[in-house]
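Worksheet: the structure to be examined is printed underneath.
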Amino acid sequence: MAQADKALGPVADLWEWQFEGACRETGSESFYHPDGERGAARRLRDAAAKEICTGCPVMLACREHALAIREPFGVWGGMTEDERQVALAERDIAAAGIAG
Ligand code: SF4
């Protein structure tokens, strides 16, 4: 019988990728929109955050984490919150067998 705690591995391993994130050096202000931010200001801030993600060595782990926990806020793994909502909706549709 498999032991669930060993099968899952140490919880710390699930988060270890964050120590290698490029945003640890840049700070998080580009990654989360301030209250009331809209339009061009939001697009520019999101683009700046996504540019940092592009060079991040853990981008895929970060993206999958944000999608897995359905992170509602901020840029994670090079995706804005709106882009994650679209990706998750597409995954949900595919999982339900509605697509294609
Ligand atoms: S992908 Fe972006 S948000 Fe994720 S750890 Fe790297 S820089 Fe930070």
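Side notes on the structure shown:
- Filtering the stretch 53-85 to residues that are buried (at least 17 other Cβ atoms within 10 Å of the Cβ), among the β-branched types (Val, Ile, Thr) and more than 10 Å from the ligand (Cβ to nearest atom) leaves only 80.
- Single condition residue 63 does not satisfy, out of (1) in contact with a helix residue (DSSP H, G or I) (Cβ under 7 Å, 6 or more places away or on another chain); (2) at pLDDT 95 or above: (1)
- Qualifying residue in the stretch 37-49 (condition: among the aliphatic types (A, V, I, L, M), within 12 Å of the ligand (Cβ to nearest atom) and either part of a loop (DSSP other than H, G, I, E, B) or in contact with a Phe, Trp or Tyr (Cβ under 6 Å, 6 or more places away or on another chain) (or both)): yes
- Selection of first residues in the stretch 40-57 that are hydroxyl-bearing (Ser, Thr, Tyr) and of second residues that are within 8 Å of the ligand (Cβ to nearest atom), restricted to Cβ pairs under 8 Å at least 6 apart or on distinct chains, gives the following pairs, ordered by first then second residue: 54/78.
- Taken over the stretch 6-29, the criterion of being modelled with pLDDT under 95 and not in a helix (DSSP H, G or I) is satisfied by 9, 10, 27, 28, 29.
The values are calculated or read from the model by the stated rules, or taken from the named source; none is laboratory data. Bear in mind that the values here come from a model prediction, so they are computed numbers and not experimental data. So basically every Cβ, Gly included, is an ideal-geometry build from the backbone, and we count neighbours across all protein chains shown.
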